[in-house]
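I have placed the structure first, in the form of structure tokens, so that the comments after it can refer back to it.
The values are calculated or read from the model by the stated rules, or taken from the named source; none is laboratory data. Computed from a predicted structure; not experimentally measured. Cβ: placed from backbone, ideal geometry, glycine included. Neighbour counts: every protein chain shown.
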Amino acid sequence: MKYKFLIPFFIFTLFAIGAVYSQELTIQKGYFQYPFNPGGINTLSGSMGELRSNHFHGGIDVRTAGSIGLPILAAAEGYVSKIVVTSYSYGNMLYVTHPNGFITVYAHLDKFYKKIADYTRAKQYSMEAFDVELTLQKNELPVGKGDTIGLSGNTGASRGPHLHFEVRDAKNRMYNPLLWGFPEIKDNIAPVFDKIALRTFDKNARINDAFGRIEIKPIKQNGIYQLPTSITAWGSIGIEIQSHDMMNMTANMMGISYLTLKLDNKEIFHHDVTSYGFEENRYINAKVDYETLMKRGVRFERCYIADGDKLSTYKRNTNSGKITINDQLNHSVEIIIGDVMGNKATLRLNLVGKKPTPLPSMALVKNTKVADNIALELFENILKITAKQKEDVCCKVYVKGKPQLIYPDYYKNGEAIFLHDMRKGIADSVEINNKIKKTNYIAMIPSGKALTFIQPNFKITFPSDCLFDTLYVQYAHGMDAQKREIFQVNDNTVAMFTQPSIAITPTLPIASKQYSYGYNANRWPLFEGGSWVGNTITFRSKNLGKYTIIRDTVPPVITPKAGKRNVAYFQISDGQSGIGSFRATLNGAWVLMNFDHKKRLIWSEFKDANQQLKGQFVLELKDKAGNVKQYVKNY
């Protein structure tokens, strides 16, 4: 159903793909007031739609003068409809539902204000839990426009004091708050193109006479970004960009709001993150070049719709932004990026069609000296094999142990390049000049299907919505330097939407299944948990790569700290599986312990502010493996 956003002199229309809405919501400038220091000079430290780890940034990050404890105000009248308390993620968070059908969200608060704080603490005591998610009715906690509802903070995954502010609807679809037109925010600065990347998609595709991916830094001339070198192209190719946006009075780099790609003056791709569904967040791993991100920590945004990307934020053109060059003409490409305030930047380049030059057949019969190194790189379905060329060479690709003779597709920079289509047979090894390199590819898992990959003592099950694209499975089983048994499936550069299930039956003896759990061991052991059935443990993981089993028998550590009068403070830590839970009592009665995981600090808070810290105090701390540490003191 079409959404219409009515703003004086402007009409914004967004299409929500795959969702059904019961009403049309209207955006009215001025309906919401700025939630911090309204009418004063304000800046942002983060914008809506920024590319973050596993998600788009779903709102704006409001600067709070670098301070904790300043008033945060309700953007409009309404009622508190949800309260969330956690040390992780959004930290202390409030939802306020408004008569216009929208919901404003306030996150990373240090504290809730008065009645909200009292209500929350009473619920925490009745539930005997620090982490709570409370849903409220309309008449429980009403608020007026401009009422103080909390104090600025740094709780949750925040890296500094600020307010994370969102606008959502009842279906959890998020909207850029700046659409409501806050005069406190000034922005007349255009976005910036940092880099552009071009990549090939099929075996016959070329960019500058080569298969693969190249990056180029554009230059700005007369207000337009251009490339310093010409680009020749053939076949099916795609473009990626690295960009950022700037705003007045801040040095923070923001994210762009929209991206348009035109080929020969015809729009073939458009992406707009002015609004999107919260549940769509992990599709960001298909929107960006995930492999480049994981290998180099650099985010390139695709100007085409990749396989498995179901974001509702695209105009779904026929070719989804992919470019096909099959003539020897000049083709103009224009990329436009913009922010929600109307600032934009343009990059222009020319693609010159150049058909690959076929190699002479007589040059393909020799197999003489080559360098020892053979490099392998997989581009979707194409295995690129590179070898240093001293004379004309050929290559044997082994499929299920049987050799297939292939010849160079082209030579470049003193190297012979061979391209093997894995759809015609999964290459388990390659041989050049009697030197063999194993690929470890042993299977193919298509996306969109629930399938299980089985090896001796190991099994991984992919849900139907797990993989964005076909996975060519690389598998290895061995030991690491710490003598831990390692089962490896590909690596952490594979993007996934949902988590696969891993089942391990260790070949090495386990001293005891108690305290023994599954871990992801890509960089350092990361606790995944799991449950034992017989001699097999099953767990889920967000990442592919190395898996192992570790037994953690060391209890967590509790260190008393000096604090305020009538409050018990403790530093807590765990060196292996991590903190799982904690519980405190005073004379047998449950006591609320607040938790800040960044500072590894917990502290007591009584339901009645006049209650004394007197009697036997017991703090029990449990790690994720089940080890327990207890602290007892008589106050």
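Quick look at the numbers
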quantity	calculated
Selected residue [at pLDDT 95 or above, under 30 Å from Ile549 (Cα atoms) and touching a strand residue (DSSP E or B) at 6+ places or on another chain (Cβ under 8 Å)] from Glu605, Glu620	Glu620
Which listed residue is of a type in the set (Asp, Glu) and farther than 30 Å from Asn54 by Cβ, from Asp552, Asp608, Asp574	Asp608
Condition check for Val557: more than 33 Å from the chain's Cα centre (by Cα), β-branched (Val, Ile, Thr) and farther than 30 Å from Val473 by Cβ	no
Residue in the stretch 53-64 that is under 26 Å from the mean Cα position of the chain (by Cα) and free of Cβ contacts under 8 Å to residues at least 24 places away in the same chain present	yes
Residue within the stretch 189-207 that is in the same structural domain as Met249 (by TED's automatic domain parsing), touching a strand residue (DSSP E or B) at 6+ places or on another chain (Cβ under 9 Å) and without any contact (Cβ under 8 Å) to a residue 24 or more places away in the chain present	no
Some residue of the stretch 108-124 being in a loop (DSSP other than H, G, I, E, B) and within 23 Å of Met247 (Cα to Cα)	no
Selection status of Thr274, within 20 Å of Asn317 (Cα to Cα), among the polar types (S, T, N, Q), buried (at least 22 other Cβ atoms within 10 Å of the Cβ) and within 29 Å of the chain's Cα centre (by Cα)	no
Failed item in (1) buried (at least 23 other Cβ atoms within 10 Å of the Cβ); (2) in a helix (DSSP H, G or I), with Ala75 passing the rest	(2)
Unmet criterion (only one of (1) buried (at least 18 other Cβ atoms within 10 Å of the Cβ); (2) in contact with an Asp or Glu (Cβ under 6 Å, 6 or more places away or on another chain); (3) farther than 30 Å from Ala210 by Cβ) for Ile417	(3)
Filtered residues of the stretch 20-36 (kept if surrounded by 14 or more Cβ atoms within 10 Å (Cβ to Cβ) and at pLDDT below 50)	Tyr21
The stretch 610-628 - residue that is surrounded by 15 or more Cβ atoms within 10 Å (Cβ to Cβ) and assigned to a strand (DSSP E or B) and, of those, nearest to the chain's Cα centre (by Cα)	Asp623
Lone unmet requirement of (1) in contact with a strand residue (DSSP E or B) (Cβ under 8 Å, 6 or more places away or on another chain); (2) under 27 Å from Gly342 (Cα atoms) for Met249	(1)
Candidates Gln576, Gln499, Gln571 - the one that is farther than 22 Å from Ser447 by Cα, among the polar types (S, T, N, Q) and part of a loop (DSSP other than H, G, I, E, B)	Gln576
Which listed residue is more than 21 Å from Lys262 (Cα to Cα) and not aromatic (Phe, Trp, Tyr), from Ala210, Ala190, Ala233	Ala210
Val273, sole failed condition from (1) over 23 Å from Lys220 (Cβ atoms); (2) free of Cβ contacts under 8 Å to residues at least 24 places away in the same chain	(2)
Conditions (1) surrounded by 19 or more Cβ atoms within 10 Å (Cβ to Cβ); (2) farther than 21 Å from Gly66 by Cα; (3) hydrophobic (A, V, I, L, M, F, W, C); number of the one not met by Ala107	(2)
Some residue of the stretch 503-524 being crowded, with 20+ Cβ neighbours inside 10 Å, part of a loop (DSSP other than H, G, I, E, B), not assigned by TED's automatic domain parsing to the domain that holds Ala427 and not hydrophobic (A, V, I, L, M, F, W, C)	no
Listing of strands (runs of 3 or more DSSP E) fully contained in the stretch 203-292 that carry 3 or more residues being in contact with a Phe, Trp or Tyr (Cβ under 8 Å, 6 or more places away or on another chain)	231-244, 258-263, 266-272
